[in-house]
Amino acid sequence: MRTISWSLAAAMWAAAPAAAPQPPLATVLERAAAYVADFHRQLSSIVAEEHYAQDWERVLDRRRGTNAIGHRELLSDLLLVKPDGFKAWMEFRDVFEVDGSPVRDRTERLTELFATNPPSRDAQIRKILAESSRYNIGDIERNINAPLLALQFLEPANQPRFRFKRTAERQPTTVAEPAGPDGAFRVSVEMWAIQYEERQKPTIIRTTTRKDLPSRGRFWIDPATGQVLMSELVAADRAVRATIDVSYQSEPLVGMLVPVEMRERYEGRKDASLIEGRAIYGRFRQVPVDRRLLMRN
């Protein structure tokens, strides 16, 4: 019986197909960089509607445990813009409703922000960042609450700034892929969880006093295509800790993966301040002709 069992097992093992060789990490990162470049190119003609809720809590009296609590809900259009003379794409949050009330000066702000002859590239970038974070609540000043920020770390120019490492974590993920004009089919693929840690200075994210704030976190990437299914970004120092998680799903209307949810958390380590946010993205649509005039090639 031992010989029969062993022979049968050996025959079954020999008949099993050989596992496909795993690509090296450098190859997967190259694919991710190419994917991000194409992702930005395609998404630059797409507008998404963002429903964004923020909650703020701060301990005022540690003995009594009383808290100051604030809540805000924003409705915005989120789109990619490229300031004149700037190589990178930036996300612009065009807020049109705050806590149920329309933003009155929206048209004037857009006209000034995207003027034909802005004062300077740096001034326009500062304005885009300021307008995108204009309605944030809480006592932690921030402009990094943008779902696509972490993808910049995978761009070829930025990858050398980081140390990347594949983790032992394996997560089968279901991904929707286009299947022609009749709809989409679903396939299950195994994502790579890839850690990253920023090593070069000055860092991409900095404090309001221009101090370095190194980034670290993880990407969940399809090793065959470079597609990013999830991103995690952590930036922290002695004063504050920020965490931003973003999930992506297939959007058949635009034929690509798009961000569908952003969750964020900011912790003030000295004053027990806590800000949490959740943004949901939907109503993806092509940029109207007049909005295309806001883009820079």
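A few points about this structure:
- Residues that are acidic (D, E), more than 13 Å from the chain's Cα centre (by Cα) and closer than 22 Å to L80 by Cβ, drawn from the stretch 223-272: E251
- Number of positions in the stretch 43-59 that are surrounded by 15 or more Cβ atoms within 10 Å (Cβ to Cβ) and either in contact with a helix residue (DSSP H, G or I) (Cβ under 6 Å, 6 or more places away or on another chain) or within 24 Å of S250 (Cα to Cα) (or both): 10
- Search result, residues across the stretch 16-33 that are modelled with pLDDT of 95 or more and farther than 17 Å from E190 by Cα: A26, E30, A33
- Taken over the stretch 34-61, residues that are assigned to a strand (DSSP E or B), among the β-branched types (V, I, T) and either at pLDDT 95 or above or over 14 Å from V95 (Cα atoms) (or both) amount to 2.
- Strands (runs of 3 or more DSSP E) wholly inside the stretch 193-281 containing at least 2 residues that are modelled with pLDDT of 95 or more and touching a helix residue (DSSP H, G or I) at 6+ places or on another chain (Cβ under 9 Å): 215-221, 228-236, 240-251
- In the set (1) over 30 Å from Q195 (Cβ atoms); (2) outside any strand (DSSP E or B); (3) modelled with pLDDT of 95 or more; (4) not small (G, A, S), the condition left unmet by R64 is number (3).
- Selection count, the stretch 248-264, where residues are surrounded by fewer than 16 Cβ atoms within 10 Å (Cβ to Cβ) and either hydroxyl-bearing (S, T, Y) or in contact (Cβ under 8 Å) with a residue 24 or more places away in the chain (or both): 4
- The stretch 267-279 residues that are within 12 Å of V240 (Cβ to Cβ), paired with ones that are of a type in the set (S, T, Y) and part of a strand (DSSP E or B) (beta carbon under 9 Å, 6 or more apart): E267/T243; E267/S273; S273/Y266; L274/Y266; I275/Y266
- Subset of the stretch 129-158 that is outside any loop (DSSP other than H, G, I, E, B) and out of contact with any strand residue (DSSP E or B) (no Cβ under 9 Å at 6 or more places or on another chain) - its residue that is modelled with the lowest pLDDT: A130
- Whichever residue in the stretch 194-233 is β-branched (V, I, T) and surrounded by 18 or more Cβ atoms within 10 Å (Cβ to Cβ) and, among such residues, is nearest to I144 (Cα to Cα): I204
The values are calculated or read from the model by the stated rules, or taken from the named source; none is laboratory data. Remember, it's a predicted structure, so these values are computed and weren't measured experimentally. In this analysis, Cβ positions are derived from the backbone assuming ideal geometry, glycine residues included, and neighbour counts consider all displayed protein chains.
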